[in-house]
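The values are calculated or read from the model by the stated rules, or taken from the named source; none is laboratory data. Since the structure is predicted, the reported quantities are computational estimates derived from the model, not experimental observations. Using ideal geometry, Cβ is built from the backbone for each residue, glycine included, and neighbour counts are taken over all protein chains shown. Heavy atoms of the whole protein, side chains included, go into the accessibility calculation; ligands, DNA and RNA do not. Shrake-Rupley method; radii C 1.70, N 1.55, O 1.52, S 1.80 Å.
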Amino acid sequence: MRQAAIKRTTGETDISIMLNLDGRGEAQLDYPIGFMKHMLNTFARHGLFDLEIMASGDLEVDQHHLVEDTGIVLGQCFAKALGDKRGIVRCASCLYPMDETLARAAVDISGRAFLVFDAQLSGVPLVAAQETNSGEMTETGAFQTDTAEDFWQGFVSAAALTLHLEILRGRSDHHKIEALYKAAARALRQACEIDCRAAETIPSTKGVLV
């Protein structure tokens, strides 16, 4: 079973993640940032990764620490679950349309950490709101969109893989970020799959992927 469980506690965050690469896309998430919880659920569903996350952090400072550290721990889980990467497809890509947005993800589980991130984001936070008992709408929080890149940088560094994430066109920052998570999940799902024609082989002329 290609599974991993990692807990990471620092002076800024406390994060526990359980990952099953060969799951059904089920997610159990205890996560304090609404938009990121939505993205992690989307990532699990489109990658068919079973994912359990419990996370807390110093949100009174800002969202950067928690979002980046979540990427780090998730990347560590991928690296642990993949082991020596024997038999995996290794490389994959996905072109994902989401309404007016078109996202592209390409991944190589190479053992070399490198991220290209071109999301064409506006830099304006995504605001969440809810209706009060009096019928008025009140702001309950916001997602700092610049931390989307921090998540993927942490993930790539810990998982030791190459990942290119690009928005080819789009208007909505919500759609751009979500389309990138969906594209990345589907590309990773393909790259992590076992190649039935080379199930006992390390997919590299070097004989190792480190």
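Can you tell me which residues in the stretch 148-190 are of a type in the set (Val, Ile, Thr) and surrounded by fewer than 22 Cβ atoms within 10 Å (Cβ to Cβ)?
Those that are of a type in the set (Val, Ile, Thr) and surrounded by fewer than 22 Cβ atoms within 10 Å (Cβ to Cβ): Thr162, Ile167.
Residue check, Gly123 against (1) modelled with pLDDT under 95; (2) touching a Ser or Thr at 6+ places or on another chain (Cβ under 6 Å); (3) open to solvent by less than 80 Å² (accessible area, probe 1.4 Å), all met but one. Which one?
Gly123 satisfies all of (1) modelled with pLDDT under 95; (2) touching a Ser or Thr at 6+ places or on another chain (Cβ under 6 Å); (3) open to solvent by less than 80 Å² (accessible area, probe 1.4 Å) except (2).
When you look at Ile53, is it of a type in the set (Val, Ile, Thr), buried (at least 16 other Cβ atoms within 10 Å of the Cβ) and in contact with a strand residue (DSSP E or B) (Cβ under 6 Å, 6 or more places away or on another chain), yes or no?
Yes.
Does the stretch 27-36 contain any residue that is outside any loop (DSSP other than H, G, I, E, B), touching a Phe, Trp or Tyr at 6+ places or on another chain (Cβ under 9 Å) and within 17 Å of Ala159 (Cα to Cα)?
Looking through the stretch 27-36, none of the residues is outside any loop (DSSP other than H, G, I, E, B), touching a Phe, Trp or Tyr at 6+ places or on another chain (Cβ under 9 Å) and within 17 Å of Ala159 (Cα to Cα).
Here are Gly87, Gly83: which of them is touching an Asp or Glu at 6+ places or on another chain (Cβ under 8 Å) and farther than 17 Å from Trp152 by Cα?
Gly87
Filter the stretch 1-26 for residues that are surrounded by 15 or more Cβ atoms within 10 Å (Cβ to Cβ), part of a strand (DSSP E or B) and of a type in the set (Lys, Arg) and give the result.
Arg8 - this is the single residue of the stretch 1-26 that is surrounded by 15 or more Cβ atoms within 10 Å (Cβ to Cβ), part of a strand (DSSP E or B) and of a type in the set (Lys, Arg).
All but one of (1) open to solvent by 40 Å² or more (accessible area, probe 1.4 Å); (2) on the phi > 0 side of the Ramachandran plot hold for Lys85; which doesn't?
Here Lys85 meets the rest and fails (1).
Could you check Leu115 against (1) in contact with a Phe, Trp or Tyr (Cβ under 9 Å, 6 or more places away or on another chain); (2) assigned to a loop (DSSP other than H, G, I, E, B) and say which number it fails?
Unmet condition: (2).
Kindly provide the set of residues from the stretch 41-64 that are touching a residue at least 60 places away in the same chain (Cβ under 8 Å) and part of a helix (DSSP H, G or I), ordered by number.
Listed by number, the residues that qualify are Thr42, Phe43, Ala44, Arg45, His46, Gly47, His64.
Consider the stretch 165-190. How many of its residues are in contact with a Cys (Cβ under 6 Å, 6 or more places away or on another chain) and either of a type in the set (A, V, I, L, M) or more than 23 Å from Lys80 (Cα to Cα) (or both)?
2
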